[in-house]
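The values are calculated or read from the model by the stated rules, or taken from the named source; none is laboratory data. Fair warning: this is a prediction, and the values are worked out from it, not measured in the lab. Here Cβ is always computed from backbone atoms with ideal geometry, including for glycine, and neighbour counts include all displayed protein chains.
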Amino acid sequence: MKITLITSLILTSSFTFSNIAEANEERQKTTQLSVGVGSYALVIDHDNLGEDDFLGHSLSVTYAFSDSMSINIQSYTLEHDDHSDIEVSGFDTSVFYGTGLASKGFKAYIGVGLYSETREFENVEKDFSGAQLSGGFGYSWNKISLGLLIGIRSTEDYHDLTNDGDDITAVSSSLVLEYKF
């Protein structure tokens with residue numbers, strides 16, 4: 001009985017200390033900053049009026065706290081697909097939980113965040129903001145990362161564009177190529 005207890009204690013201790021050492025090594029290896037550029041799209045679908053499509057580009061900054069948690073901030077500038085005189089500029093930020101967020105290889109993530117943007121048309125500006133649910137996947141090499149991010153936005157502010165109680169869906173997506181520091 002004593003030998004079994006002592007053996008169990010030694011195995012448990014060695015397992016605990018090896019996990020602490022691995023966690024410390026992983027934390028040092030995975031903390032990193034990424035800066036990138038990419039394409040950005042926003043689709044606002046009004047049930048009765050059709051959809052507004054905006055396309056443009058984005059600048060992105062991502063900081064990975066660990067391999068399973070990161071924060072992302074994107075700034076974007078967009079133009080209406082059919083009416084080039086309607087422009088949108090803004091940013092969104094999200095906190096992600098996932099896998100592979102800081103290491104080499106496949107990554108997948110889901111998170112929550114906020115967006116804020118300004119739509120400009122004929123020198124008239126209208127601001128929109130709200131919460132969003134985001135997710136995505138991608139792949140990281142040693143110094144380069146490629147990711148696709150999709151966000152489903154709250155639409156309360158977009159209802160100001162219509163007076164008919166229309167159901168509105170707003171979805172953003174971006175494909176970003178990042179350099180990892």
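Observations on the model:
- Which numbered condition residue 52 fails, given (1) in contact with a Gly (Cβ under 9 Å, 6 or more places away or on another chain); (2) at pLDDT below 95; (3) among the acidic types (Asp, Glu): (1)
- Which listed residue is under 13 Å from residue 153 (Cβ atoms), in contact with a strand residue (DSSP E or B) (Cβ under 7 Å, 6 or more places away or on another chain) and of a type in the set (A, V, I, L, M, F, W, C), from 133, 101: 133
- Every residue from the range 59-79 that is touching an Asp or Glu at 6+ places or on another chain (Cβ under 9 Å), part of a strand (DSSP E or B) and polar (S, T, N, Q): 60, 62, 72, 74, 75, 77
- Where strands (runs of 3 or more DSSP E) fall entirely within the range 92-181, none has at least 2 residues that are free of Cβ contacts under 8 Å to residues at least 12 places away in the same chain, within 19 Å of residue 36 (Cα to Cα) and out of contact with any helix residue (DSSP H, G or I) (no Cβ under 8 Å at 6 or more places or on another chain).
- Lone unmet requirement of (1) part of a strand (DSSP E or B); (2) modelled with pLDDT under 95 for residue 84: (1)
- Qualifying residue in the range 115-135 (condition: within 11 Å of the chain's Cα centre (by Cα), modelled with pLDDT of 95 or more, among the hydrophobic types (A, V, I, L, M, F, W, C) and surrounded by 15 or more Cβ atoms within 10 Å (Cβ to Cβ)): no
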